[in-house]
Amino acid sequence: MPNYHVTIYGPDEKAMADLVRKHRVTVVRQTLDAHDEGYTVTAIADQATINRLETAGYRVERHEDVDEAAKESLSEVGQGNRFYDQPGGGR
Amino acid sequence: MTYLNVDEVETAIAIAAGPANAAFTELVTLPHPTWEGRTCRAIRIHHGGASRGGGVYFLGGVHAREWGSPDICVNFVRLLTDAFRNGTGITQGGKSFSAAQVRTIVETLDVIVFPQANPDGRHYSMTVDPMWRKNRRPVAAGDPACPSGGGKGPGVDVNRNYDFLWDFPAKFSPTAPVQTSTDPCEETYRGPDVESEPETRNVGWLLNHFPRVRYFIDIHSFSEDILYNWGDDDDQTNDPTMNFHNPAFDGKRGILDSNPGGDPLKYREYVPTADLNTLISLGNTMRDAIRAAHGRVYTVKSSANLYPTSGTSDDYAYSRNFLDATKGKVLSFTIEWGRKRSTLPKSFHPDYVDMVPIIEEVTAGLLAFCLACSAITGH
């Protein structure tokens, strides 16, 4: 089942706290933000969790499939060892 | 350019501690091999006799998917060692440090850098699952079968495994939304026991091995925050008995005053006023240097928010002196580098071209932090 980057909207701090203590959602804790109309936090959730949260009254904005999106990052990793030929680098 | 892989981080640190820098560096081999058998190394940078200003300790690579942290540590080490050896200054973006300031850092402080605390996790994140956060503790008999993807799976969150309120179900209020889990499949799994993980024990070993360390920074991503102690609850400066090791407050921690109606249990974590002032001052010093590098404005604040934490490195490092006065007081921070980006994976590990200015700005912050620490006495 795909895992999505989601933004969860809740009306108050109790609702945002319930995400962790009641709904067991994995939030990115430092993304908690207050707005005029309530709060948002970033999290990773599958579709079943999204459905469950929406049933509980949260608004959930679904973004990218994190596993698919993350694959792109693998090309940003060094291959081999760029220091191998330097003094002390092992060659 | 690309992120350094696991082998490259180790090689870069070995080179920095090589013959050219032998007069002022020491390569330190950590005693606990990881679950996959890797040996970790740290570097100590200091020239001259016993350090006058105590030590600073920078930690990177704890959370596997936050790829830039070891790269920041390596950049810091290479620039500092090269500049000291050559008698030059350092420039990172719009922030410069003179050769005299470089000398002050290296001749006043013990600078300890442990760039890659969780190499197993980093390797897995860089080759299989880029969203992987934890270490690679294998599944034990009786553990549940975990789903995969999205960073889920067996393993321990090293930054929930330290000996600070580790037993959070007993220590926190039952209604506190603690961002720690007892579920081995979850990203914030605390581990089967306190300091059960070799990665955790290595981090603590360095604090014991270098007892003059007085300042500690754990480097993470993301959110452009500079967080200081504590992470379990609001800070307070008035009541020394209201603290993490007082069992009278078990079951009362973790509800912040910002809750609607405040904290009905009235618990806050004690921090002496002088420590709090120093924490804020050092945090502001880093913030200003980071801003001078590339204009990004980080926020300096207490680590605690609606979702309190347990078992983290920064609170563990600072807590040790409260439990045992023979251990030095270690004022501690977590830096969360980088801003939120278009996707969650890119927030944790931006394209490398976007990581370069972050490496420079955090390096500038760390250098300014060292200079400020070298000027402080009395801790």
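Summary of values
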| read-out | value |
| --- | --- |
| Extreme residue, surrounded by the fewest Cβ atoms within 10 Å (Cβ to Cβ), among residues of region A:70-91 that are facing another protein chain (nearest Cβ under 7 Å), assigned to a loop (DSSP other than H, G, I, E, B) and of a type in the set (S, T, N, Q) | A:GLN86 |
| Filter pass, B:VAL178 being within 30 Å of B:GLU26 (Cβ to Cβ) and of a type in the set (Val, Ile, Thr) | no |
| Subset of region B:176-198 that is within 11 Å of chain A (Cβ to nearest Cβ) and charged (D, E, K, R) - its residue that is surrounded by the fewest Cβ atoms within 10 Å (Cβ to Cβ) | B:ASP183 |
| Any strands (runs of 3 or more DSSP E) falling wholly within region B:1-81 and containing at least 3 residues that are in contact (Cβ under 8 Å) with a residue 24 or more places away in the chain and within 18 Å of the chain's Cα centre (by Cα) | B:41-45, B:55-59 |
| Conditions (1) free of Cβ contacts under 8 Å to residues at least 12 places away in the same chain; (2) within 12 Å of another protein chain (Cβ to nearest Cβ): number failed by B:GLY153 | (1) |
| Members of region B:329-357 found to be among the small types (Gly, Ala, Ser) and modelled with pLDDT of 95 or more, listed by number | B:SER332, B:GLY338, B:SER347 |
| Whichever residue in region A:25-69 is more than 9 Å from chain B (Cβ to nearest Cβ), in contact (Cβ under 8 Å) with a residue 12 or more places away in the chain and part of a helix (DSSP H, G or I) and, among such residues, is nearest to A:GLU13 (Cα to Cα) | A:LEU53 |
| Tally, over region A:1-13, of residues that are more than 7 Å from chain B (Cβ to nearest Cβ) and either on the phi > 0 side of the Ramachandran plot or surrounded by fewer than 17 Cβ atoms within 10 Å (Cβ to Cβ) (or both) | 4 |
| Subset of region B:97-137 [surrounded by fewer than 17 Cβ atoms within 10 Å (Cβ to Cβ) and within 25 Å of B:PHE222 (Cα to Cα)] | B:THR127, B:VAL128 |
| Verdict on B:ILE15 being within 14 Å of chain A (Cβ to nearest Cβ) and more than 30 Å from B:GLU195 (Cβ to Cβ) | yes |
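The values are calculated or read from the model by the stated rules, or taken from the named source; none is laboratory data. Values in this document were obtained by computation on a predicted structure and should not be read as measured data. Counting neighbours? That spans all protein chains shown, and the Cβs are built from the backbone with ideal geometry, glycine included.
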